[in-house]
Amino acid sequence: MHRGDLLSLKRRSKKCRASYILLAVLILLAAVTAVMVQELNEHFAEIAEFRSREAATDVMTEAVEETLSLCGDDTLYRINTDSSGRVMSAQLDTAAANRLKNTLTRQIELGLEEMGDEGVLIPLGTLLGIPVFSGRGTSLRLGVQQLGAVDSEFSSSIESAGINQTRLTVYVKVTAEIRIILPDGHKDISISEDYIINDSIIVGDIPQAIYGNGIGMAYR
């Protein structure tokens, strides 16, 4: 083999090795990038869910406060006594409870609709996961959609509150489902919160009965 042929063969061999090295580097960079993108998407989804839950909970809380301001004068229970004044039962005022439930549902749905129009903002600094940058930088706006109807379920508890006194507490459990629109798809989440909507003291013995299961009231 001539000297020129040997030199040409060596140059081709070096070029092949360089090509293999470059290809290996590119594959490694692609793998690292894919892992980083996957981790970033997961981190982004976690933050998006947290912010969306937080925003939806704020909507629910504000709706409960607004509903109580509108229906706060309604008495949910009527206390029935015997001829001697002894407390016999606490009976739910179904009409008042339904008014409260319908008002609460409407207020929450309006709040979620407004939240969907405005979206959920996530600052870019928060995505970095570094506390010093949290809440800083340009914000990304995520779309949020309400899924289905808001559900509200009432329950109540009754217990002794001292000598000849009874504490009657009425709760409402609010559940809403929303869809978060993410860059790589969407995520559906359910938010459920409990609120006290009535807390009163009844003077007299503990009622022997409590009525109101027709709209979800339950003795507990």
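Data table
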item: Considering residues of region 158-189 that are in contact with a Phe, Trp or Tyr (Cβ under 9 Å, 6 or more places away or on another chain) and surrounded by 15 or more Cβ atoms within 10 Å (Cβ to Cβ) only, the residue modelled with the lowest pLDDT; result: Ile158
item: Conditions (1) surrounded by 13 or more Cβ atoms within 10 Å (Cβ to Cβ); (2) at pLDDT 75 or above; (3) in contact with a helix residue (DSSP H, G or I) (Cβ under 8 Å, 6 or more places away or on another chain); number of the one not met by Glu153; result: (3)
item: Any pair with Cβ under 7 angstrom, 6 or more apart, that starts in region 140-169 at a residue that is closer than 30 Å to Ala45 by Cα and ends at one that is hydroxyl-bearing (Ser, Thr, Tyr); result: Val144/Ser52; Val150/Thr105; Asp151/Thr175; Ser152/Thr105
item: Matching residues, region 73-92, being over 37 Å from the mean Cα position of the chain (by Cα), surrounded by 14 or more Cβ atoms within 10 Å (Cβ to Cβ) and at pLDDT below 65; result: Val87, Met88
item: All positions within region 35-72 that are of a type in the set (Val, Ile, Thr) and either under 29 Å from Val170 (Cα atoms) or modelled with pLDDT under 75 (or both); result: Val35, Val37, Thr57, Val59, Thr61, Val64, Thr67
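The values are calculated or read from the model by the stated rules, or taken from the named source; none is laboratory data. Quick caveat, the model's predicted, so the values are computed rather than measured. A quick note on method: Cβ atoms are made from the backbone with ideal geometry, for glycine too, and the neighbour counts reach across all protein chains shown.
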